[in-house]
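What follows is a single structure, written as structure tokens, with notes after it.
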Amino acid sequence: MTDRKIGDTMVWPIGLGCMNLSHAYGPPTRLEEASALLNSALDQGCNFLDTATIYGAGTNEELIASSIGHRRDEYFLASKCVLAVKDGKRVLDARPESIKAACDASLKRLNTDVIDLYYMHRPDPNVPIEDSVGALSDLVDAGKIRFIGLSEMGAGLVRRAHAVHPIAALQTEYSLWVRNPEIAVLKLCKELGIAFVAFSPVGRGFLADPPYDPSNMQDGDMRRLFPRFSAENYPGNLALLEQTRGFASEVGCTVAQLALAWLLAKGDHVLPIPGTTRKDHLKDNIEAGRITLPAHIVEKLDTHFAPQSAVGPRYAPPMQATVDTERFDFERDEA
């Protein structure tokens with residue numbers, strides 16, 4: 001497996017999503033452990049790191065600075081704006097002045113002069129995408145960011161944004177369990193030369209052996225909000241994994257590695273960014289970048305994880321309303 005391109009930079013095909021070191025799946029990881037994991041990632045050649053303003057209300061960015069800031073020339077750094085925490089509440093603000101202020105704050109927390117890839121974390125229905133991308137373009141001109149990214153946006157918004165300034169990367173959820181990018185944006189990114197960054201590529205812990213057990217959810221675990229992890233739906237989803245173990249055994253890899261290698265087979269512009277707090281999982285994830293799946297395994301997985309096979313929608317209605325990603329016809333019918 002060769003490195004993959006974001007903007008003008010080649011990176012290892014498997015990146016590291018840093019979110020769950022500080023946010024979303026339970027209590028933050030102890031500082032010493034988180035720092036050791038980040039340094040281990042760099043030591044193993046994983047040089048694409050993804051964070052955001054909202055992750056731990058800025059503490060994830062600070063963690064990266066304190067842990068590996070002294071190795072800044074060794075990694076391609078992505079962060080995100082628009083979503084943030086203010087007075088303990090989640091806010092959405094893509095006004096140009098807010099984007100520029102958020103960037104300055106992130107640069108300070110990250111203790112760096114430039115962010116390699118800066119995403120709009122979500123679309124803001126109150127601000128034209130052209131205005132927001134215009135502000136990001138100003139940040140490129142100012143040398144504060146190198147490339148512009150979008151997150152959780154559909155093909156229409158991507159085209160509009162790209163017309164204002166070249167978009168280097170689109171990030172959205174994509175995995176065996178979430179096939180929605182195949183409706184439009186995966187092909188569009190290939191057409192426009194945009195890297196496609198797949199978050200939650202192992203299904204938030206579902207695509208593993210053993211898979212995540214929802215009965216162990218801790219306080220603050222955002223998976224409590226996702227319908228596919230509910231007591232009613234999760235048992236039906238677990239049935240999908242039984243045959244998947246056989247596919248992994250045939251290839252000689254773990255289930256999580258199989259899921260990551262399947263994504264890499266979907267195009268040389270696809271870069272998964274699994275997150276983890278464990279060094280053994282980190283090593284397995286990085287090594288998945290060396291796996292090339294046989295075509296017949298890819299085809300079997302395509303069929304086995306057909307979009308309608310998942311039990312429950314990706315997001316509950318309130319969260320679905322915050323994104324612009326395409327949905328399959330059957331998902332709209334179920335809403």
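Solvent-accessible area of the range 201-308 (1.4 angstrom probe, protein heavy atoms only): carbon and sulfur portion equals 50 percent. Peptides 28-36, 152-160, 52-60 ranked from most to least packed give 52-60, 152-160, 28-36, packing being the mean of other C-beta atoms within 10 angstrom over each peptide's residues.
Peptides 297-306, 189-198 ranked from most to least packed by the mean count of surrounding Cβ atoms within 10 Å: 189-198, 297-306.
Charged neighbours of Val270, selected by a Cβ distance under 10 Å, balance to +2 (K, R count +1; D, E count -1). Normalised by the number of residues in the chain, the average gap of Cα pairs under 8 Å and 6 or more apart makes the relative contact order 20 percent.
Report summary: the helix-based calculation at 222 nm, which adds -39500 (n - 2.57) for every DSSP H run with n ≥ 4 and divides by the residues of the chain, gives -11000 deg cm²/dmol. Give me the percent relative contact order of the range 164-235, please, defined on Cα pairs under 8 angstrom at least 6 residues apart. Computed value for the range 164-235: 28 percent relative contact order.
Dividing the convex hull volume of the alpha-carbon atoms in the range 124-256 by its residue count gives 163 Å³ per residue.
Using the Kirkwood radius over Cα pairs, work out the Stokes-Einstein diffusion coefficient for the chain at 37 °C and 0.692 mPa s, in µm²/s as a whole number. Translational D for this selection: 164 µm²/s. Taken as Cα centroids, the range 79-111 and the range 275-322 sit 29 Å apart, rounded to the nearest whole angstrom.
Ordering Ala78, Phe330, Phe199 by Cα displacement along the dipole of the chain toward the positive end leaves Ala78 in first place; charges were set at the Cβ atoms of Lys, Arg (+1) and Asp, Glu (-1). Quick check for you: with a 1.4 Å probe and neighbouring chains kept, what is the accessible area per residue of the range 24-66, in Å²? That works out to 35 Å² per residue.
Each peptide in 108-115, 6-13, 284-291 receives the mean, over its residues, of other Cβ atoms within 10 Å, and ordering these scores from highest gives 284-291, 6-13, 108-115. Whole-Hz Karplus values for the range 132-138 come out as 5, 5, x, 5, 5, 4, 4 Hz, taken residue by residue from phi with 6.51 cos²θ - 1.76 cosθ + 1.60 and θ = phi - 60°; glycine and proline positions read x.
The values are calculated or read from the model by the stated rules, or taken from the named source; none is laboratory data. None of these values were measured; they are calculated from a predicted model. FYI the Cβ positions are ideal-geometry reconstructions off the backbone, even for glycines, and counts take in every protein chain you see. All accessible areas refer to the heavy atoms of the entire protein, side chains included, with ligands and DNA or RNA removed. Shrake-Rupley method; radii C 1.70, N 1.55, O 1.52, S 1.80 Å.
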